[in-house]
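Working notes, structure below.
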Amino acid sequence: MNIFVSPNYINMNAFSLENIFTFLVNLDRNNNREWFAVNKSQYEQAKSEFAEYVTLIGKEIEKIDSKFNFSHAKDYTFRIYRDVRFSHNKSPYKNNFGAFFSIGGRKSPYAGYYLHIQPGASFFGGGIYRPEKEILNAVRQEVYYSYKEFRKVLDNKEFKKVYPELLGDKLVNGPKDFPKDCEAIDLLKYKSIVVSHAVSESELKDKSFSKHLLHGFELLLPLNQLLNTAIELKSN
């Protein structure tokens with residue numbers, strides 16, 4: 001499968017994620033407001049570099065997915081500040097940078113492409129994660145009627161090399177509105193349709209990482225197209 005190459009690609013190969021990763025390592029060891037205040041400039045630099053990288057990747061995704069139009073990095077990136085009100089973990093900051101490239105931005109209901117940078121737990125992937133009930137019902141309808149198309153994508157040899165299996169919670173018996181003996185029941189049980197590919201620190205820092213990331217996103221295109229078809233039908 002071909003990898004998309006653009007005039008920006010030279011810049012992407014030259015782009016280093018090392019400063020971003022180093023900041024996250026330091027934050028993971030010092031996740032408190034006092035340290036963060038003293039090292040705010042490190043955060044601002046890492047945040048700026050991540051926004052630059054998100055922009056480069058977003059512009060490449062436009063060439064992979066014709067429905068996706070990149071706007072601004074902030075529309076796809078997640079805030080580093082945690083809401084600790086209802087959490088046992090009182091660490092005030094996330095120890096990761098994440099970006100979800102989806103039609104309409106990270107808060108939209110559409111399936112998309114995700115990049116997660118975190119010491120010891122970096123990955124990329126995509127699909128649709130824990131959608132609202134109406135969206136999930138629409139996705140399940142599409143899975144039911146287009147099961148063979150979904151299965152063809154998920155069982156593709158090259159796809160499975162990068163994304164071996166679907167992830168997330170499953171129902172025990174399947175949703176009540178579908179026959180329990182239908183061929184699609186294995187997929188209908190999922191509460192999300194998401195896949196991911198773990199990335200090591202050495203892979204993340206390698207100059208070829210952007211190439212592999214975009215290849216992974218390219219492989220995701222057929223799955224996201226099927227999912228977004230269902231969502232578009234629901235919205236119209």
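The values are calculated or read from the model by the stated rules, or taken from the named source; none is laboratory data. Please read these numbers as outputs of a predicted model, since none were measured by experiment. When we count neighbours, we look across all protein chains shown, and the Cβ atoms used for this are built from the backbone with ideal geometry, even at glycine.
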* To do: Name every residue in region 143-165 that is crowded, with 18+ Cβ neighbours inside 10 Å and more than 26 Å from Phe123 (Cα to Cα), in order of residue number.
  => Tyr144
* Structure fact -> Considering residues that are aliphatic (A, V, I, L, M) and out of contact with any helix residue (DSSP H, G or I) (no Cβ under 8 Å at 6 or more places or on another chain), the number found within region 19-74 is 3
* What number of residues in region 186-236 are modelled with pLDDT under 90, of a type outside the set (D, E, K, R) and in a helix (DSSP H, G or I)? -> 2
* Any pair with Cβ under 9 angstrom, 6 or more apart, that starts in region 144-171 at a residue that is part of a helix (DSSP H, G or I) and ends at one that is surrounded by fewer than 18 Cβ atoms within 10 Å (Cβ to Cβ) and aromatic (Phe, Trp, Tyr) -> Tyr144/Phe178
* Return yes when Val38 is hydrophobic (A, V, I, L, M, F, W, C) and within 16 Å of His116 (Cα to Cα) and no when it is not. => no
* Asked: Under the condition of being among the acidic types (Asp, Glu) and in contact (Cβ under 8 Å) with a residue 24 or more places away in the chain, which residue from region 12-48 is surrounded by the most Cβ atoms within 10 Å (Cβ to Cβ)?
  -> Asp28
* **Single match in Lys205, Lys180, Lys170, Lys191 (criterion: out of contact with any His (no Cβ under 8 Å at 6 or more places or on another chain) and under 21 Å from Val25 (Cβ atoms))** => Lys205
* Is there a residue in region 97-105 that is more than 26 Å from His215 (Cβ to Cβ) and surrounded by 13 or more Cβ atoms within 10 Å (Cβ to Cβ)? -> no
